[in-house]
1. Could you count how many residues in segment 164-180 are touching a residue at least 40 places away in the same chain (Cβ under 8 Å) and open to solvent by 60 Å² or more (accessible area, probe 1.4 Å)?
2. Just one of Asp97, Asp45, Asp91 is acidic (Asp, Glu), open to solvent by less than 70 Å² (accessible area, probe 1.4 Å) and touching a helix residue (DSSP H, G or I) at 6+ places or on another chain (Cβ under 6 Å); which is it?
3. For residues in segment 192-250 being assigned to a loop (DSSP other than H, G, I, E, B), closer than 21 Å to Thr75 by Cβ and basic (Lys, Arg), which is most open to solvent (accessible area, probe 1.4 Å)?
Amino acid sequence: MNQDLAEMSLEDDIAREDDAALETVPVPRSMVPHLSESAILLDIDGTLLDLMPTPREVWVPPGLAKTLNRLLVRTNGALALVSGRSLNDIDLIFAPDQFPAVGGHGAEMRIEPDSDSVAAHAPPMDRELKRRLAAIAKLSPGILLEDKGYSLALHYRLAPHAEKAIYAAVSLIRADLPNAPIEVLPGKCVCEIKHSGFTKASGVRELMTREPFKGRRPFFIGDDVTDESVFAIMPDLDGLAFSVGRRAKGVAGHFDAPSDVREFLTHLLDDERDATLP
């Protein structure tokens, strides 16, 4: 129970961290190497796209898909979306475009836009456990259940009063099943439960062993607690991390909002060093 209470307060602790010492994001060319030497790794919700009351309400602003496709060309294919969403869900959001991606918090990945997905050694969540966790959505109207395949998310943006009840119910289930290999991920008005055998970081590590990502210097942009595992491994990969909405521990800088991230990506295309590329 103490562990679960610590997880519940994690987001609040991080939000308060270094509030007095916020940094600005440096101009792109001062931090990012040639795009031909870079791997661009991007979270979606709260990073590329603005958060909405429900996951299905997110939308892709005009011009973003074009920017991502141009960056895909400039990096010779070394651009990937890194999300807790499944690859199928990512494709629905960005349709008709498809991009390389790490989906399901590292459970699956796609190396090229038109290639088949590859399961990243991710075991599915136990069916009975998933059923018990799904029942938590009945605690209050406004709790939205999202089955991501390899994880289960309980969104309470429309029922903020239910936050404590949700985490208490999850804690009871974990106490009843102490050996269940699951991890609780507190996020922005969401409690997500997934198998503990994989993370976004493990997915990114594997991605960076594959061409065309292999040997490149990655930079990752993310906003939430689930992105912190990727922030932590960027030094191991000689990479850079940027956070959105707050200054997370160990990042090179931060963006105030997804709109700033989108502007940053657009400016990367203006880099004179790559002006001769398509």
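The values are calculated or read from the model by the stated rules, or taken from the named source; none is laboratory data. Being a predicted model, the structure only gives us computed values, none of them experimental. Quick reminder, even Gly has a Cβ in these numbers, built from the backbone with ideal geometry, and neighbours come from all protein chains shown. For accessibility, only protein heavy atoms count, side chains too; no ligands or nucleic acids. Shrake-Rupley method; radii C 1.70, N 1.55, O 1.52, S 1.80 Å.
1. Matching residues across segment 164-180 total 3.
2. Values: Asp45 fails: touching a helix residue (DSSP H, G or I) at 6+ places or on another chain (Cβ under 6 Å); Asp91 fails: touching a helix residue (DSSP H, G or I) at 6+ places or on another chain (Cβ under 6 Å).
The conditions single out Asp97.
3. Quick first cut of segment 192-250, residues assigned to a loop (DSSP other than H, G, I, E, B) only: 196-199, 208-216, 223-224, 234, 238-239, 245-250.
Subsequent filtering for residues that are closer than 21 Å to Thr75 by Cβ retains 208-216, 234, 238-239.
Among the residues that remain, those that are also basic (Lys, Arg) are: 210, 214, 216.
Values: Arg210: 75, Lys214: 119, Arg216: 37 Å².
Restricting to residues being assigned to a loop (DSSP other than H, G, I, E, B), closer than 21 Å to Thr75 by Cβ and basic (Lys, Arg), the top hit is Lys214.
This table checks each residue for (1) farther than 30 Å from Glu163 by Cβ; (2) modelled with pLDDT of 50 or more.
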{"site": "Leu5", "(1), (2)": "no, no"}
{"site": "Glu17", "(1), (2)": "no, no"}
{"site": "Pro26", "(1), (2)": "yes, yes"}
{"site": "Ser36", "(1), (2)": "yes, yes"}
{"site": "Asp45", "(1), (2)": "no, yes"}
{"site": "Leu49", "(1), (2)": "no, yes"}
{"site": "Pro53", "(1), (2)": "no, yes"}
{"site": "Lys66", "(1), (2)": "yes, yes"}
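Conditions tested, residue by residue: (1) part of a loop (DSSP other than H, G, I, E, B); (2) open to solvent by 60 Å² or more (accessible area, probe 1.4 Å); (3) of a type outside the set (S, T, N, Q).
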residue: Val102; (1), (2), (3): no, no, yes
residue: Glu112; (1), (2), (3): yes, yes, yes
residue: Leu129; (1), (2), (3): no, no, yes
residue: Ala135; (1), (2), (3): no, no, yes
residue: Gly142; (1), (2), (3): yes, no, yes
residue: Gly149; (1), (2), (3): yes, no, yes
residue: Leu154; (1), (2), (3): no, no, yes
residue: Arg157; (1), (2), (3): yes, yes, yes
